[in-house]
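Enquirer: Once you've had a glance at the structure underneath, I'll fire off some questions.
The values are calculated or read from the model by the stated rules, or taken from the named source; none is laboratory data. None of the values given here were measured: they were computed from a predicted structure. Because the Cβ atoms are built from the backbone with ideal geometry, glycine has one as well, and the counts that use them run over all protein chains shown.
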Amino acid sequence: MKGQWMDTEQLDILVVEDDAAHAEAIRRAFSANGVKVALTLVATLREFRDRAARNPPDLAIMDLNLPDGRAVEVMTSPPENGAFPILLMTSYGNERVAVEAIKSGAIDYIVKSPETFAGMPRTVERALREWRLLVDRKRAEQEIRESEARFHTLSNQFNALLDSLPDRIILHGPGQRVIWANRAATAEMTADEIKADESHCYTVWHKQKVPCDSCPVMKSLQSGEAGIAFVTTVEGKIWELRSIPVKENGLVVSVIEIARDITEHRKLEDQLRQAQKMDAVGRLAGGVAHDFNNMLNVMMGYSELALKRVESDKKTSSYLHGVLDAGRRSADLTRQLLAFSRKQVVEPRILDINQRIADQMNLLGKLIGEDIRVSFVPGFDVGQIMMDPSQVDQILANLMVNARDAIDGTGDITITTSNIALDDAYCRNHPGVLPGEYVRLAVSDNGSGMDAATLEQIFEPFYTTKDKGKGTGLGLATIYGIVKQNNGEIHASSAQGSGTTFVIHLPRLSIVQDNAPAEPGGGIKRGSETVLLVEDDESNLEITRLLLEESGYTVISTTSPFDACTLFEQRSDEIALLLSDVIMPELNGKQLYERISAVRPGLKVLFMSGYTDDVISHRGILSEGTNFIHKPFTITKLAEKVRVVLDEQ
């Protein structure tokens, strides 16, 4: 009768028998039962070793006594031999031989007879089944040993991890008895308390004889739910206590308590809420800047082109100048919002701040007026900073105007600079700044000053103490954004009737470097080269094309980056410059340039965008040295930038 194993794949059975008649009897037994097996017959231990080494069988049937030795010489116990089971046969069996065979590693032991030969298929099936059970058991035992070893290792690692945490972690049993505590918790316990079998959290850590009224551990033990409580100690520390119940069969058997000192955290939360409020309008500004700048670009571009057509019509020209002026003021407002949000596109360079302030003193004097005296007291050997020069100018102008408006009649404004090292203690009280070397810029006035309530809000966008129509409330918010964008810190001190001082700290460069070359000057330069213009917004595409053509350039334009690739392949010899928007739906500007420059390496490129700096940087476009122009731009600015890029060596 066939077993389940006989209905699957063919078995490879090795018969080691020096008696040919016995070997033939075994072969006939398998043939008579229609069993799918491949029988290999060998007569010696040497042949067995050779075959087993080359191609181990599924099972071996071996005579105990062979011409060159006994079968037990080649056997080991089944779990270690692991390759295949062995059935031992002998002509004369007794209990001693049977025990020897099984101890040597045989899966079974049989005495030769016509009946055992005829029943060999069933014997083999049973042996294979037993072998599989034996192997599975040994594997399971090994897995259990490995699992226990892993558990022991993980337990040690977990305890080490808990001991490394600064939070107090305590396991409580019934009655709030302490079962286990990590190092942070036991650091406050005496040796006797650690060894005591009946230590309780309220006696050890809170020094009380009864549980605390708001104890979350007690509530978790009673309700089976997680709890949280906040406790203020007599020393003024604030502790957050969390409790997590541990259940077995639905019943609470213990509670894990995590106690954390949140005194500093609460202090930082208050500071964070203020920072989040300051950031709210910044996110709003960054969100609308792209569309707003695109619309301004179109409006200002068409106004400039129209002005060139109606120069003789003074009335129409004045109307268009009004539109342009409104566009420029709108662009300035956008820049102020983006400065506050720290998302404006900037071009930082190495600056000598003393020199920059000195260069601006005449202009600042005219801005303030003759009734107010402006003094600059530069510090000795003040270090360099890395910053966009226009941002320094913006800071100075806004602070000076703020000081001017605080002075009624005549007064004094003083600008000072110095080197300063900010330590850990200072930085703890001024979040957002890291310890290190800084340049200090201070602007002081002897004006009316501010009360404490006003001082808390001065950097908030749209907050102003000026009369309606006399200020947007963005001046100081703009300064705040610029300083933060440059990893600096700003604060103010003031009192009513005693004037105000604004102090700004900007990171100081550790190595003195040569100043960056001055920006190129000169008038607008026209050109006659061919420009491939790619802009997904049709209105901006059209106005940019017209501005370029007005400057003398031949323009090939498209809204599709894929079409731009095709156009370039057709006219690559005549195209001198790729002018591309940065963020587009099919390909971004960088990807488009990579495809086109693969056709003609070295092609000059100028990117443009109305998106904010953080979006452009996230897309990997505005890397150092990339030619870029920000929307909105005038025909003058665009023509100059295109000419500079084309003339680069």
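Enquirer: Residue pairs, Cβ under 9 Å, 6 or more apart or interchain, first in the stretch 472-484 and farther than 13 Å from Gln457 by Cβ, second among the basic types (Lys, Arg) and modelled with pLDDT under 80. List them.
Expert: Matching pairs, first to second residue: Thr478/Arg335; Gly481/Arg342; Gly481/Lys343; Ile482/Arg342; Lys484/Arg342.
Enquirer: Quickly run through the stretch 367-390 and pick out the residues that are modelled with pLDDT under 85 and either of a type in the set (A, V, I, L, M, F, W, C) or out of contact with any strand residue (DSSP E or B) (no Cβ under 8 Å at 6 or more places or on another chain) (or both).
Expert: If the condition is that a residue be modelled with pLDDT under 85 and either of a type in the set (A, V, I, L, M, F, W, C) or out of contact with any strand residue (DSSP E or B) (no Cβ under 8 Å at 6 or more places or on another chain) (or both), then Leu367, Ile368, Gly369, Glu370, Ser390 are the ones that fit.
Enquirer: From the list Gly175, Gly105, which one is among the small types (Gly, Ala, Ser), at pLDDT below 85 and closer than 30 Å to Ala71 by Cα?
Expert: Gly105
Enquirer: Of the conditions (1) buried (at least 18 other Cβ atoms within 10 Å of the Cβ); (2) closer than 28 Å to Ile629 by Cβ, Asp352 fails just one. Which one is it?
Expert: (1)
Enquirer: Under the condition of being polar (S, T, N, Q) and modelled with pLDDT under 75, which residue from the stretch 285-338 is farthest from Ala397 (Cα to Cα)?
Expert: Checked the stretch 285-338; the qualifying residue farthest from Ala397 (Cα to Cα) is Thr334.
Enquirer: How do the pairs read when you match residues in the stretch 541-561 that are without any contact (Cβ under 8 Å) to a residue 40 or more places away in the chain with residues anywhere that are among the small types (Gly, Ala, Ser) and buried (at least 22 other Cβ atoms within 10 Å of the Cβ), using Cβ under 6 Å and keeping only pairs 6 or more apart or on different chains?
Expert: Here the result reads Thr558/Ala564, each pair linking the stretch 541-561 to a residue that is among the small types (Gly, Ala, Ser) and buried (at least 22 other Cβ atoms within 10 Å of the Cβ).
Enquirer: Which helices (runs of 4 or more DSSP H) sit wholly inside the stretch 54-143 and have at least 2 residues that are in contact (Cβ under 8 Å) with a residue 40 or more places away in the chain?
Expert: Result: 78-81, 114-118.
Enquirer: Next up: Name the single residue, out of those in the stretch 565-585 being out of contact with any Lys or Arg (no Cβ under 9 Å at 6 or more places or on another chain) and assigned to a helix (DSSP H, G or I), that is nearest to Leu541 (Cα to Cα).
Expert: The qualifying residue nearest to Leu541 (Cα to Cα) is Leu567.
Enquirer: Additional query: Go through the stretch 71-96 and count every residue that is at pLDDT 75 or above and crowded, with 17+ Cβ neighbours inside 10 Å.
Expert: 11
Enquirer: Moving to a separate point now. What residue, of Gly589, Gly610, is surrounded by 15 or more Cβ atoms within 10 Å (Cβ to Cβ), modelled with pLDDT under 85, of a type outside the set (Lys, Arg) and touching a strand residue (DSSP E or B) at 6+ places or on another chain (Cβ under 8 Å)?
Expert: Residue meeting the stated conditions: Gly610.
The rows are residues; the columns are (1) part of a loop (DSSP other than H, G, I, E, B); (2) within 37 Å of the chain's Cα centre (by Cα); (3) not assigned by TED's automatic domain parsing to the domain that holds Gly499.
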{"site": "Gly365", "(1), (2), (3)": "no, no, no"}
{"site": "Val374", "(1), (2), (3)": "no, no, no"}
{"site": "Met386", "(1), (2), (3)": "no, yes, no"}
{"site": "Asp405", "(1), (2), (3)": "no, no, no"}
{"site": "Gly409", "(1), (2), (3)": "yes, no, no"}
{"site": "Glu437", "(1), (2), (3)": "no, yes, no"}
{"site": "Met450", "(1), (2), (3)": "yes, no, no"}
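Enquirer: Follow-up question, since we're still on this one. Have a look at Arg129, Arg145 and point out the one that is within 16 Å of Asp58 (Cβ to Cβ) and either out of contact with any Phe, Trp or Tyr (no Cβ under 8 Å at 6 or more places or on another chain) or surrounded by 10 or more Cβ atoms within 10 Å (Cβ to Cβ) (or both).
Expert: That would be Arg129, the only listed residue that is within 16 Å of Asp58 (Cβ to Cβ) and either out of contact with any Phe, Trp or Tyr (no Cβ under 8 Å at 6 or more places or on another chain) or surrounded by 10 or more Cβ atoms within 10 Å (Cβ to Cβ) (or both).
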